[in-house]
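What follows is one structure encoded as structure tokens, with my remarks underneath.
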Amino acid sequence: MQDNLLLDALESLLKDKAAPAVVRAIEGGGSTAALWSALEESGFCDTLVAEAEGGAGLGLADAFPLIEACGRHALPLPLAQTMVARALLTRAGERPPAGAIALASAPANAQGDIAVPYGSVANWVLLAREGALELLDARAAAIASADDHSVDALMTWPARALAQRRFASDADLRAIEAGFLAAQLAGAMRQVFALTLQYANERKQFGRSIGKFQAIQHQLSVMAEHTAAAHMAARMAFASEAQLPQPLACAVAKARASEATAIVAAGAHAIHAAIGITAEYDLQLYTRRLYAWRAAAGSESYWNARIGRALLASGASNAVDFVRQELATT
Amino acid sequence: MLDNLQLAAIPKEEESMRAEYRAFIANEVRDLPPHVRARSWAAFDAEFSRKLAARGWVGLTLPRELGGGGRSAFARFVLSEELLAVGAPVAAHWIADRQSGPLICKYGTEEQKQFYIPRICKAEAFFCIGMSEPGSGSDLASVRTRATPEGSLWRLNGQKIWTTHAHHSHYMIALVRTSGTAEDRNKGLSQFIIDLSLPGVTVRPIVDLAGDAHFCEVFFDNVALDENALIGTEGSGWEQVTAELAYERSGPERIYSSIVLLEPWLQWLKSLPNPSAALLAQAGAIASHLAVLRQMSIAVTARLAAGLSPVVEAALVKDLGTEYEQQLPRLIADTVYADPDTPPPSELVRTLSYITKVAPAFSLRGGTREVLRGMIARGLGLR
């Protein structure tokens, strides 16, 4: 039960050092130093790095509960991204730098900005650009917040800062980024669901808890269904002992989890009513992440189109064969 | 509840049977066009069921010493998947194989097992399920059909309705009242195996909106049942039915009811010179949902295989699965008829028309959405 021991260790670290008050403080621009050094010292950043390279040498299946926990706790630092970035760097023969690494797989927009989840709290950004990966110094970029009270950033690097540490990699960074976000989405969705179920049991109207009303029960049931589906989709991408997930499995995970966000977030806010949209109540910490991570690294339409292309290109005689051959857990 | 749906893989030994199942089934259905195969687990073909039985493929999960395969729930998942994926006409043996056989094995006397199970496995005894009545749909505990003790006999009076393939079945396992009144709700209910050839039983098929007659009304007029007709314990009918529904709701048929439609649709998609990103995304959404639902169905199967009764998990997967089955014809119709200047192929039209008409039934049979969501809510501790 190695993953349980690992998970217990991360859970207690996050409960202790990344409580909602800390999440709010960091989102408000507060220091990340204490939390990051706790994470760095814990060794979790090297979960997916091979043992020969000084890492834990664990596979995706063991890492999944940790990444899910990052989402469930709304951890405002890119621990999951640093895990996979370090694995990618060591595989390419690069020495990973100390510090938090964010991922970016999309080109700059018309304003020259690159959207980087966790960009404002990262030391480094691993960027997919022109067919290779580049490790960029986050301090060299002009940074604008992507949203108020968010650690996600819009970043622009001067030309001289680009192509400093550039290396070849056949990894599909966008798919990997999407797969890891899907696991975080599964965790955040689980927390949104748990908060909503608890609230429905506590809040009383018409003389009884609102969870006793059939209309609320059915909304919660639908939320449970989509949370379960998102979880299963993410688990499927993390089923193996490999360090990097398969792109098509990441596509399914991100597409299904992204689709679920709208249903789960809308249900949570409808059941919570006004209290749910206050800054003080914790629900917003998680639903804001559902919106942001659904958008990051491609929405469901992008990933579904990639799956659709693979489906039409496959030799499978029917759709069941396609999912069984390409996507089933074996 | 989320923790009960774990990632699971089909064991290699069960998976290894797939190719043999597939080759046989493909040969059997090769002359049936998609719009006929689309009837799948609603299509009754006793001869096909007997051919499966001859290969030992009916009653795969039933005990070997009674003529079954003695295999796990995963074996049945693989075979069911192969049958449903191409729309083989499985209705004749389906209910006996899925739930009546397991129910008899779980609650039956030795004599009942010896009498029914070998015949189920030979596809010589077909079963139907007598639950709904004219006044009892979702409110199943309000059934009024009554069996009254009369010496060593039971005297049965009442009526069942929407009973699938009662007109072709040899036996019905019915939930009836044996004591108290409808106000006693789930107390005083029992299950009986009713020989449908007995005097006093009248079966009338009901024609559905597609022109098929698969469900029936069944009347019981002073039917004399011997003591061996009672299955399980008198008064425990409700608990038994609940356990039976875990089998009824957990299978891949709750995902695959519209799946044959994907064949002509994918063929059509592949024929398009330049499918749009939106169309590709539709196709991808259909595949990604299928991949996840299938894995959830395997998770439920893993619980069945472990000897658990995954009532709530099955309800959750069935609700999502039937939503998917119903979305397919809706989404596909929108893509197929988006451009009147490029009309779709005839067989796609026929298959789509059929599935579109019958799709509302997918979330009715085996328990409505509302009933399932109520069960999920109970599983969440809300009621």
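The values are calculated or read from the model by the stated rules, or taken from the named source; none is laboratory data. Being a predicted model, the structure only gives us computed values, none of them experimental. Here the Cβ is made from the backbone with ideal geometry for all residues, glycine too, and neighbour counts use every protein chain on show.
Only one of A:L58, A:L48, A:L89 is more than 28 Å from A:G28 (Cα to Cα), of a type in the set (A, V, I, L, M, F, W, C) and touching a Pro at 6+ places or on another chain (Cβ under 7 Å); which?
Working: A:L58 fails: touching a Pro at 6+ places or on another chain (Cβ under 7 Å); A:L48 fails: touching a Pro at 6+ places or on another chain (Cβ under 7 Å).
One residue alone meets the criteria, A:L89.
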Looking at A:Q243 and the list (1) assigned to a helix (DSSP H, G or I); (2) away from every other protein chain (no Cβ under 14 Å); (3) surrounded by 21 or more Cβ atoms within 10 Å (Cβ to Cβ); (4) in contact with a Leu (Cβ under 9 Å, 6 or more places away or on another chain), which single condition is not satisfied?
(1)
Scanning region B:120-139 for residues that are surrounded by fewer than 19 Cβ atoms within 10 Å (Cβ to Cβ) and of a type in the set (D, E, K, R), which turns out farthest from B:I194 (Cα to Cα)?
B:D139
May I ask you to say which residue of B:H214, B:H168 is within 21 Å of the chain's Cα centre (by Cα) and at pLDDT below 95?
B:H214
Suppose we keep only residues that are farther than 21 Å from B:G366 by Cα and of a type in the set (A, V, I, L, M, F, W, C) within region B:185-218. Which one would you say is surrounded by the most Cβ atoms within 10 Å (Cβ to Cβ)?
B:L196
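Hand me the list of helices (runs of 4 or more DSSP H) wholly inside region B:70-165 holding 2 or more residues that are within 25 Å of B:N27 (Cα to Cα). So that I can check it myself, show each step before the final result.
Values: elements: B:73-85, B:91-95, B:101-107, B:110-121.
Fully inside region B:70-165 and qualifying: B:73-85, B:91-95, B:110-121.
Only one residue in A:A292, A:A249 is part of a helix (DSSP H, G or I), facing chain B (nearest Cβ under 10 Å) and under 19 Å from the mean Cα position of the chain (by Cα). Which one?
Numbers: A:A292 fails: facing chain B (nearest Cβ under 10 Å).
Only one candidate passes the filter, namely A:A249.
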Find the residue count for region B:81-113, including only residues that are within 14 Å of the chain's Cα centre (by Cα) and acidic (D, E).
2
Considering A:G308, A:G298, which residue is at positive phi and at pLDDT 95 or above?
A:G298
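Rundown of residues vs (1) more than 14 Å from every other protein chain (Cβ to nearest Cβ); (2) more than 21 Å from the chain's Cα centre (by Cα); (3) under 30 Å from A:A183 (Cβ atoms), yes/no style:
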residue	(1), (2), (3)
B:Q6	no, yes, yes
B:E15	no, yes, yes
B:G56	yes, no, no
B:G59	yes, no, no
B:R64	yes, yes, no
B:L79	no, no, no
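Out of A:Y286, A:Y281, I need the residue that is more than 8 Å from every other protein chain (Cβ to nearest Cβ), hydroxyl-bearing (S, T, Y) and part of a helix (DSSP H, G or I). Which one?
Details: A:Y281 fails: part of a helix (DSSP H, G or I).
Within the list A:Y286, A:Y281, the selection yields A:Y286.
Quick check, is A:A128 part of a strand (DSSP E or B) and in contact (Cβ under 8 Å) with a residue 40 or more places away in the chain? Please lay out each step first, then the result.
On the way: part of a strand (DSSP E or B): yes; in contact (Cβ under 8 Å) with a residue 40 or more places away in the chain: yes.
Here the answer is yes, as A:A128 does meet what is asked.
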For B:N222, only one of the following conditions fails: (1) at negative phi; (2) in contact (Cβ under 8 Å) with a residue 12 or more places away in the chain; (3) of a type outside the set (D, E, K, R). What is its number?
(1)
Report the residue count in region B:217-270 for those that are under 25 Å from the mean Cα position of the chain (by Cα) and among the basic types (K, R).
2
Among the numbered criteria (1) farther than 27 Å from B:D208 by Cα; (2) modelled with pLDDT of 95 or more; (3) surrounded by 15 or more Cβ atoms within 10 Å (Cβ to Cβ), which one does B:A19 miss?
(3)
What pairs come out if I take residues in region B:227-238 that are of a type in the set (A, V, I, L, M) and pair them with residues that are in a strand (DSSP E or B) whose C-beta lies under 6 Å away, six or more apart or interchain?
B:A229/B:F192; B:A229/B:I193; B:L230/B:F192; B:I231/B:Q191; B:I231/B:I193
Report every pair of residues separated by at least 6 positions or lying on different chains whose Cβ atoms are under 8 Å apart, first residue within region B:257-284 and within 8 Å of chain A (Cβ to nearest Cβ) and part of a helix (DSSP H, G or I), second surrounded by fewer than 21 Cβ atoms within 10 Å (Cβ to Cβ) and aromatic (F, W, Y).
B:A281/A:Y302
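Kindly establish whether A:L185 is aliphatic (A, V, I, L, M) and more than 17 Å from the chain's Cα centre (by Cα).
On the way: aliphatic (A, V, I, L, M): yes; more than 17 Å from the chain's Cα centre (by Cα): no.
No: the conditions fail for A:L185.
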A:S42, sole failed condition from (1) surrounded by fewer than 20 Cβ atoms within 10 Å (Cβ to Cβ); (2) closer than 26 Å to A:A279 by Cα; (3) of a type in the set (G, A, S)
(2)
Since A:A266 meets every condition but one in (1) more than 21 Å from the chain's Cα centre (by Cα); (2) over 23 Å from A:L75 (Cβ atoms); (3) more than 9 Å from chain B (Cβ to nearest Cβ), which condition does it not meet?
(1)
For region B:174-192, indicate whether the set of residues that are among the β-branched types (V, I, T) and in contact with a helix residue (DSSP H, G or I) (Cβ under 7 Å, 6 or more places away or on another chain) is non-empty.
no
Within region B:285-331, considering residues that are facing another protein chain (nearest Cβ under 8 Å) and among the polar types (S, T, N, Q), the one nearest to the chain's Cα centre (by Cα):
B:Q295
Exception for B:F24 within (1) exposed (fewer than 14 other Cβ atoms within 10 Å of the Cβ); (2) more than 14 Å from every other protein chain (Cβ to nearest Cβ); (3) within 24 Å of B:I298 (Cα to Cα) falls at (1)
